[in-house]
Amino acid sequence: MNSLPDQPDPWAFLQSHTSARIARGRTGHSLPTRALLDFQLDHARARDAVYSELERDQLVRQLKTVQEPVLQLHSRAADRQQYLQRPDLGRKLDEQSRVKLSVSGRFDLCLVLSDGLSATAINRHALPVVTRLVEEVRKQGWSLAPLCVVEQGRVAVGDEIAYALKAETVVVLIGERPGLTSPDSLGAYLTFRPEPGLTDESRNCISNIRPEGLPYEAAVQKLLYLLTEMKTRKLSGVQLKDEFDDNLLTH
Amino acid sequence: MAYRCAVRNVTYRFDDLKTLLAKATPLRSGDQLAGVAARTAEERVAAQMALADLPLTTFLTEAVIPYEIDEITRLILDTHDADAFASIRHLTVGDLRNYLLSDEVDARMLTNLQAGLTPEMVAAVSKLMRNQDLITVAAKCEVVTRFRNTIGLKGRFSTRLQPNHPTDDFRGVAASIVDGLFYGSGDAVIGINPATDHVRTVMRLVDMMDQIRQRFDIPTQTCVLSHITTTLQAIEQGAPVDLVFQSIGGTEAVNTSFGVNLALLREGLEAGRSLNRGTVGQNVMYFETGQGSALSANAHHGVDQQTCEVRAYAVARLFEPLLVNTVVGFIGPEYLYNGKQIIRAGLEDHCCGKLLGLPMGVDICYTNHAEADQDDMDTLLTLLGTAGVNFIMGIPGADDVMLHYQSTSFHDALYVRNLCRLRPAPEFEDWLLRMDLINTEGRLLPVKNTHRLLQAAGL
């Protein structure tokens with residue numbers, strides 16, 4: 001029989017106010033076994049997400065039913081270990097990929113999908129977001145550049161791609177750094193008139209896209225709102241963010 | 001000026017002081033990313049040998065970042081105390097290591113030496129030290145600071161209670177504060193990272209935490225870790241601000257990227273002191289630092305990340321802070337790749353900060369894309385407990401649900417206190433006794449669900 005303490009603290013009712021790991025109980029000064037293993041499981045899932053791989057063939061096949069063509073690209077980071085230590089390489093395309101970008105034309109929007117720090121996020125959530133976003137983009141009458149899938153990519157790789165494809169705006173959907181309870185958060189980074197060398201202050205970000213966080217449809221609506229604002233006001237980044245936040249606060 | 005070291009039949013040449021320092025630095029990914037690390041293990045030791053033979057006076061004549069372009073270099077050289085330096089003036093860097101580790105040198109002598117040491121001297125000697133040296137020297141130091149309690153006394157060990165919440169929800173924050181207090185945490189500060197840096201949000205959080213503190217008469221201080229300009233606005237609008245927070249780095253350029261400079265920090269210090277809220281002391285500043293910040297802002301001038309970090313301590317000590325916290329593993333694996341690198345960096349920062357006279361705490365932490373886990377944090381935590389760290393973080397279950405990284409928990413702090421026989425800050429310890437939360441041996445007492453702390457903030 002389990003007679004040793006493996007129960008929460010008397011103030012466990014406070015848990016309804018926060019997702020923080022409060023009132024876990026203790027044995028001596030240590031965590032009870034169950035609480036310890038709950039943490040280890042969450043960390044294991046986050047670690048697995050960092051080392052997960054894009055289900056590329058399946059993803060490309062599904063994306064082609066939404067929009068063609070789909071370009072398969074790779075950054076200069078050869079593998080995950082190099083990717084983690086050399087963010088500069090993840091921001092640039094390798095030579096073979098650059099050749100694939102010689103597509104003629106001008107576009108309103110370029111959509112880029114990249115594994116980032118959680119391919120799991122792309123594997124789970126990219127298709128429903130892209131499907132709905134492309135529907136809405138077509139309704140707006142915006143022209144769409146070829147869909148791009150980048151392996152071992154960082155956010156800024158989207159700037160190089162969209163610049164080469166002559167797209168006015170870029171949306172990069174990318175796996176975010178896994179949190180302990182969110183190994184599959186998808187992030188979306190938006191830039192107006194992207195070009196190589198831009199930094200974070202030129203971008204707007206929508207974070208934590210997943211059913212338990214920001215649901216798909218809400219994310220798509222927010223993306224459309226930001227894209228419309230960018231196109232109307234011809235800017236993105238800090239300036240747009242400040243006014244967006246102020247609007248939220250006054251409402 | 002170039003420096004040389006011959007190893008058997010190879011002569012290694014190092015173009016200038018910053019190159020010598022960088023090549024002598026124990027391996028870490030950030031220096032590799034910056035392209036300043038030693039190319040081979042042998043080159044690293046050759047650099048350490050050349051560094052060991054370098055007279056300390058070299059650091060007074062050769063700057064790693066030019067005096068003309070960097071206000072921190074100017075600060076370091078203009079405030080150097082020749083009298084305090086006199087007793088070690090004749091030493092080399094290698095001699096300094098021997099001196100610091102010698103039986104004759106104690107806490108009082110190290111305190112007297114502080115103003116004679118420059119960050120670059122301290123960084124240099126740390127590069128010649130093994131982990132046990134970093135622990136031995138740090139454990140000799142005693143740096144005590146005061147606001148509403150006394151932090152850093154020998155045999156004491158404090159925690160920052162970090163009750164972050166993804167949306168700054170009051171009841172969520174209060175729930176984590178109560179959880180931490182029940183576990184005896186929060187004597188360094190109850191300090192929240194706000195999810196947004198708006199002055200209205202910050203003021204409401206400051207108010208809310210001050211109410212809890214006053215209601216239960218807790219001898220500690222509170223802080224919302226907003227940008228210093230936001231805190232200044234909050235002070236101007238009458239918020240009950242205890243501590244003025246700011247992230248700082250070791251070059252003028254990285255501080256520019258943080259939106260601060262020495263003049264603005266001075267303004268923060270004066271505004272904080274003007275409120276006169278400390279009861280036992282007037283150390284009102286709280287700084288955070290971390291290796292790699294200068295490189296990530298492209299503001300490192302070719303200086304290795306550990307030397308940049310120690311230069312940040314020159315900024316910190318100008319403002320007599322209550323707390324300085326190196327957030328050692330937060331920045332990611334491109335700067336500190338794995339547990340080994342994080343552990344080494346944590347010990348370096350703690351030792352170097354203490355030598356320069358700072359009340360060092362360490363956020364013993366990692367992100368999920370680093371090659372590290374809670375076992376590595378246990379190791380660093382235990383080492384820092386023996387090294388006499390002033391404070392660590394206390395976060396529910398070690399999991400920060402707002403910043404998404406893992407640090408140390410309330411349980412972890414209890415572990416170190418019990419294992420190393422360390423006690424909370426004296427005023428806070430008395431409060432824990434009064435509240436029936438610990439017994440006279442410092443052990444936690446069982447809590448009933450009628451305890452009056454549970455009346456906090458409408459919970």
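Conditions first: (1) more than 13 Å from the chain's Cα centre (by Cα); (2) touching a residue at least 60 places away in the same chain (Cβ under 8 Å). B:L381 passes all but one, so which condition is the exception?
If we test B:L381 against (1) more than 13 Å from the chain's Cα centre (by Cα); (2) touching a residue at least 60 places away in the same chain (Cβ under 8 Å), just (2) comes out false.
Residue-wise test of (1) in contact with a helix residue (DSSP H, G or I) (Cβ under 6 Å, 6 or more places away or on another chain); (2) within 14 Å of chain A (Cβ to nearest Cβ); (3) of a type in the set (D, E).
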position	(1), (2), (3)
B:T118	yes, no, no
B:V125	yes, no, no
B:N131	yes, no, no
B:L134	yes, no, no
B:K154	no, no, no
B:R160	no, no, no
B:T167	no, yes, no
B:G172	yes, yes, no
B:D187	yes, no, yes
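Could you tell me whether B:F85 is open to solvent by less than 60 Å² (accessible area, probe 1.4 Å), aromatic (F, W, Y) and under 27 Å from the mean Cα position of the chain (by Cα)?
Considered against the rule, which asks whether it is open to solvent by less than 60 Å² (accessible area, probe 1.4 Å), aromatic (F, W, Y) and under 27 Å from the mean Cα position of the chain (by Cα), B:F85 comes out as yes.
Is it the case that B:H404 is modelled with pLDDT under 95, under 24 Å from A:F13 (Cα atoms) and touching a strand residue (DSSP E or B) at 6+ places or on another chain (Cβ under 7 Å)?
For B:H404, the condition - modelled with pLDDT under 95, under 24 Å from A:F13 (Cα atoms) and touching a strand residue (DSSP E or B) at 6+ places or on another chain (Cβ under 7 Å) - is met.
Out of curiosity, is A:D159 surrounded by 20 or more Cβ atoms within 10 Å (Cβ to Cβ), in a loop (DSSP other than H, G, I, E, B) and of a type in the set (D, E, K, R)?
no
When both residues are 6+ apart or on different chains and their Cβ atoms are under 7 Å apart, which pairs have a first residue that lies in the stretch B:385-405 and is of a type in the set (S, T, Y), and a second that is open to solvent by 20 Å² or more (accessible area, probe 1.4 Å) and in a loop (DSSP other than H, G, I, E, B)?
Cβ pairs passing all conditions: B:Y405/B:F330.
Please list, ordered by residue number, the helices (runs of 4 or more DSSP H) wholly in the stretch B:351-459 having 1 or more residues that are open to solvent by 30 Å² or more (accessible area, probe 1.4 Å), of a type in the set (F, W, Y) and not assigned by the TED database to the domain that holds B:D106.
Counting at least 1 such residues, we get B:410-420.
Please work out if A:D48 is touching a residue at least 60 places away in the same chain (Cβ under 8 Å), open to solvent by 60 Å² or more (accessible area, probe 1.4 Å) and within 12 Å of chain B (Cβ to nearest Cβ).
It is true that A:D48 is touching a residue at least 60 places away in the same chain (Cβ under 8 Å), open to solvent by 60 Å² or more (accessible area, probe 1.4 Å) and within 12 Å of chain B (Cβ to nearest Cβ).
Output the residues belonging to the stretch B:34-56 that are farther than 17 Å from B:A6 by Cβ, surrounded by 16 or more Cβ atoms within 10 Å (Cβ to Cβ) and in contact with a strand residue (DSSP E or B) (Cβ under 8 Å, 6 or more places away or on another chain).
Of everything in the stretch B:34-56, just one residue is farther than 17 Å from B:A6 by Cβ, surrounded by 16 or more Cβ atoms within 10 Å (Cβ to Cβ) and in contact with a strand residue (DSSP E or B) (Cβ under 8 Å, 6 or more places away or on another chain), namely B:L56.
Applying the selection to the stretch B:244-296, what residues are assigned to a strand (DSSP E or B) and among the aromatic types (F, W, Y)?
Matches in the stretch B:244-296: B:F245, B:Y286, B:F287.
Out of all the residues in the stretch A:30-40, is one or more at the interface with chain B (Cβ under 8 Å from one of its Cβ atoms), hydrophobic (A, V, I, L, M, F, W, C) and part of a loop (DSSP other than H, G, I, E, B)?
Yes, the stretch A:30-40 has at least one match.
If you scan the stretch B:293-314, which residues turn out to be among the small types (G, A, S) and in contact with a strand residue (DSSP E or B) (Cβ under 8 Å, 6 or more places away or on another chain)?
B:S293, B:A312
Limited to the stretch B:120-160, what total is found for residues that are crowded, with 22+ Cβ neighbours inside 10 Å and more than 24 Å from B:E348 (Cα to Cα)?
3
Which residues, counting only those in the stretch B:262-281, are within 15 Å of B:R74 (Cβ to Cβ) and surrounded by 15 or more Cβ atoms within 10 Å (Cβ to Cβ)?
Residues satisfying the conditions are B:L262, B:L265.
What is the one condition in (1) within 13 Å of chain A (Cβ to nearest Cβ); (2) surrounded by fewer than 24 Cβ atoms within 10 Å (Cβ to Cβ); (3) among the small types (G, A, S) that B:G180 does not satisfy?
Unmet for B:G180, out of (1) within 13 Å of chain A (Cβ to nearest Cβ); (2) surrounded by fewer than 24 Cβ atoms within 10 Å (Cβ to Cβ); (3) among the small types (G, A, S): (2).
For the stretch A:206-241, give me each residue that is within 26 Å of A:L180 (Cβ to Cβ) and either open to solvent by 70 Å² or more (accessible area, probe 1.4 Å) or touching a residue at least 40 places away in the same chain (Cβ under 8 Å) (or both).
Once the filter is applied, which keeps residues that are within 26 Å of A:L180 (Cβ to Cβ) and either open to solvent by 70 Å² or more (accessible area, probe 1.4 Å) or touching a residue at least 40 places away in the same chain (Cβ under 8 Å) (or both), the stretch A:206-241 yields A:I209, A:R210, A:P211, A:E212, A:Y216, A:A219, A:K222.
Considering each residue of the stretch A:123-155, count those that are surrounded by 23 or more Cβ atoms within 10 Å (Cβ to Cβ), farther than 16 Å from A:L71 by Cα and among the small types (G, A, S), and give that number.
0
So, in the stretch A:97-122, exactly how many residues are surrounded by 14 or more Cβ atoms within 10 Å (Cβ to Cβ) and either in a loop (DSSP other than H, G, I, E, B) or polar (S, T, N, Q) (or both)?
Of the residues in the stretch A:97-122, 9 are surrounded by 14 or more Cβ atoms within 10 Å (Cβ to Cβ) and either in a loop (DSSP other than H, G, I, E, B) or polar (S, T, N, Q) (or both).
Within the stretch B:1-110, considering only helices (runs of 4 or more DSSP H) that don't extend past its boundaries, which have at least 3 residues that are closer than 30 Å to B:S257 by Cα, more than 14 Å from chain A (Cβ to nearest Cβ) and among the hydrophobic types (A, V, I, L, M, F, W, C)?
B:17-23, B:71-78
Say we look at the stretch A:8-44 and pick out the residues that are among the hydroxyl-bearing types (S, T, Y) and farther than 19 Å from B:H165 by Cα; which of these is nearest to the chain's Cα centre (by Cα)?
Checking each candidate, the answer is A:T33.
Filter the stretch A:54-82 down to residues that are among the charged types (D, E, K, R), open to solvent by 70 Å² or more (accessible area, probe 1.4 Å) and in a helix (DSSP H, G or I), then give me how many there are.
Matching residues across the stretch A:54-82 total 4.
The values are calculated or read from the model by the stated rules, or taken from the named source; none is laboratory data. All values reported here derive from a predicted model rather than from experimental measurement. Methodologically, a virtual Cβ is constructed for each residue, glycine included, from the backbone with ideal geometry; neighbour enumeration extends over all protein chains shown. In case anyone asks, the SASA skips ligands and DNA or RNA and just uses the protein heavy atoms, side chains included. Shrake-Rupley method; radii C 1.70, N 1.55, O 1.52, S 1.80 Å.
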